[in-house]
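Data first, discussion second: the structure below is written as structure tokens.
The values are calculated or read from the model by the stated rules, or taken from the named source; none is laboratory data. All figures in this text were calculated on a predicted structure; none of them were measured in a lab. When we count neighbours, we look across all protein chains shown, and the Cβ atoms used for this are built from the backbone with ideal geometry, even at glycine. Ligands, DNA and RNA are excluded from the accessible area calculation, which covers all protein heavy atoms including side chains. Shrake-Rupley method; radii C 1.70, N 1.55, O 1.52, S 1.80 Å.
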Amino acid sequence: MLDIKFIRENPERVKQGIEAKGEMGDVDHLLQLDEERRRIIFEVEEKKKQRNENSRLVSVYKKEGKDASAVIAKTKEISEQIKEMDHRLAGLEQEIHEALSRIPNMPHSSTPIGKDAADNVQVKSVGEPPEFDFEPLDHLQLGERLDILDFKRGGKISGSGFPVYKGLGARLERALISFMLDIHTNQHSYTEIFPPFIVNRNSMFATAQLPKLEEDMYLAEKDDLFLIPTAEVPVTNLHRDEMLDGGQLPIKYTAYSACFRREAGSYGKETRGFLRVHQFNKVELVNFVRPEESYQAHERLLTEATKILELLELPYRVLLLCSGDLSFAAAKCYDIETWSVAENKWLETSSVSNFEDFQARRANIRFKDGKGSKPQFVHTLNGSGLATSRLMVSLLEHYQTDEGTVVIPKVLRPYMGGLDVIRRKYD
């Protein structure tokens, strides 16, 4: 969340940021609550001074043999007033916390102002969409023909949006995950984490999925636990309520996880195959960095994510998201998209975001450089490195042949036991 001091000193800027993101947040009401809180704190301190002075007088009166009953009664009255004010203060603190939690992060100065995805800016394009001298199949047709994907049985087991990978499809998915983890740990200096796939409410609040996105999440109500929408949540929360050693920064984690999203607001959108699913796999990249290094780290993170697509030899483009398409918590974000031959459009395979200290404040993640140094909030960043669902769409469609087979990218063949082509068993 934002620093209340920042909001207090920059109310119009915060209002503009809220409007630029198309979010809701009542700055004036928050500042009214904050002013009342500060007024009560001042009054409580004054009352405590009075109480302390009265206590001193009682002691003096008793030593001098004077009647202290009136002073004692007044002291008791002041104590009751302080108690009532402390109760009101606790309520105000909760109201302020709730109001703060509804105010989004501010867009960075380099984020273009815009209403929606139509105002995003393309900053990079690598490779060209393939051209075929035959009628290409889509990923669903290829998956069925090669007997490697089964959405129908996934629907029978769990409902629509829950895919089943089968045979070489399952192995290809596992190969992608292992390949990406190996690249990030061996070449990009990440430490691998295998996190829980279920988290508590505090963890979801810390990374700003709550309160806004609760309807999009799967909740196990009996235990009040959430299935994770991304490994960003458990990995960022590894250091919740911790004071980090500044000498260890940056800290870079990568993690595979299954991801679960109800997509409550996606009705009417394209839902065929992997285009929109409720469960998918993803390799996540999470960075904890010094504030002065966060935007350099953001560019590095983008390079690390796009490296995967370059090694897979898949065309991609990078978009700088405008303010209206930016997430609640992000200050700046790049989307990485790969091409779908069958859909004839770009599909998002990664978002690479800088949250500055927005998540760190919610999660209370700070660092110190040594004795006597002032604690600071870290900056957190994350990106998909990558999500496999739409990546699988591009890979299958891009590498298909006129025989209805799929050539396996060279970098994945060691993970596929040397296999170079996926073909039907009975061909």
Which one of these does Met204 not meet: (1) in contact (Cβ under 8 Å) with a residue 60 or more places away in the chain; (2) assigned to a helix (DSSP H, G or I); (3) in contact with a strand residue (DSSP E or B) (Cβ under 8 Å, 6 or more places away or on another chain)?
(1)
If I ask for residues that are free of Cβ contacts under 8 Å to residues at least 24 places away in the same chain and among the hydroxyl-bearing types (Ser, Thr, Tyr), which ones from segment 355-411 would you list?
Tyr399, Thr401
With the checklist (1) part of a loop (DSSP other than H, G, I, E, B); (2) crowded, with 16+ Cβ neighbours inside 10 Å in hand, flag the one item Asp67 doesn't pass.
(2)
Enumeration of residues in segment 401-418 that are within 36 Å of the chain's Cα centre (by Cα) and in a loop (DSSP other than H, G, I, E, B)
Ile408, Pro409, Gly417
I want to confirm something. Restricting to segment 172-193 and keeping residues that are of a type in the set (Val, Ile, Thr) and more than 30 Å from Lys222 (Cα to Cα), which single residue is most open to solvent (accessible area, probe 1.4 Å)?
Thr191
In segment 140-171, which residue that is among the basic types (Lys, Arg) and in contact (Cβ under 8 Å) with a residue 24 or more places away in the chain is most open to solvent (accessible area, probe 1.4 Å)?
Arg171
Given the structure, is Pro196 crowded, with 18+ Cβ neighbours inside 10 Å and assigned to a loop (DSSP other than H, G, I, E, B)?
no
Quick check on this structure: which one of Glu215, Glu232 is surrounded by fewer than 17 Cβ atoms within 10 Å (Cβ to Cβ) and not small (Gly, Ala, Ser)?
Glu215
Tally the residues that are over 11 Å from Leu314 (Cα atoms), in contact with an Asp or Glu (Cβ under 8 Å, 6 or more places away or on another chain) and buried (at least 22 other Cβ atoms within 10 Å of the Cβ), restricting the search to segment 394-403.
0
Selection within segment 237-273 - at pLDDT 95 or above, buried (at least 16 other Cβ atoms within 10 Å of the Cβ) and small (Gly, Ala, Ser):
Gly246, Ala255, Ser257
Return yes or no: is Ile40 within 30 Å of Thr207 (Cα to Cα) and either in a helix (DSSP H, G or I) or not charged (D, E, K, R) (or both)?
no
The residue from Ile96, Ile82 that alone is open to solvent by less than 40 Å² (accessible area, probe 1.4 Å), touching a Lys or Arg at 6+ places or on another chain (Cβ under 8 Å) and without any contact (Cβ under 8 Å) to a residue 60 or more places away in the chain is Ile82
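Quick grid of which residues meet (1) open to solvent by 10 Å² or more (accessible area, probe 1.4 Å); (2) touching a strand residue (DSSP E or B) at 6+ places or on another chain (Cβ under 8 Å); (3) under 19 Å from Val286 (Cβ atoms):
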| site | (1), (2), (3) |
| --- | --- |
| Glu337 | yes, yes, no |
| Asn344 | yes, no, no |
| Lys374 | yes, yes, no |
| Thr380 | no, yes, yes |
| Gly385 | no, yes, yes |
| Val421 | yes, yes, no |
Tell me, which residue of segment 274-326 that is of a type in the set (Asp, Glu) and open to solvent by less than 50 Å² (accessible area, probe 1.4 Å) is nearest to Phe367 (Cα to Cα)?
Glu284
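Does Phe162 satisfy being in the same structural domain as Ala387 (by the TED database), aromatic (Phe, Trp, Tyr) and out of contact with any helix residue (DSSP H, G or I) (no Cβ under 9 Å at 6 or more places or on another chain)?
Details: in the same structural domain as Ala387 (by the TED database): yes; aromatic (Phe, Trp, Tyr): yes; out of contact with any helix residue (DSSP H, G or I) (no Cβ under 9 Å at 6 or more places or on another chain): no.
For Phe162, the condition - in the same structural domain as Ala387 (by the TED database), aromatic (Phe, Trp, Tyr) and out of contact with any helix residue (DSSP H, G or I) (no Cβ under 9 Å at 6 or more places or on another chain) - is not met.
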Which of the residues belonging to segment 213-251 are in a strand (DSSP E or B) and either closer than 12 Å to Val378 by Cα or in contact with a Cys (Cβ under 6 Å, 6 or more places away or on another chain) (or both)?
Glu242, Met243, Leu244, Asp245, Ile251
If you go through segment 23-37, how many residues are open to solvent by 40 Å² or more (accessible area, probe 1.4 Å) and part of a loop (DSSP other than H, G, I, E, B)?
2
Qualifying position, being in a helix (DSSP H, G or I), on the phi < 0 side of the Ramachandran plot and surrounded by fewer than 12 Cβ atoms within 10 Å (Cβ to Cβ), among Lys74, Lys49
Lys49
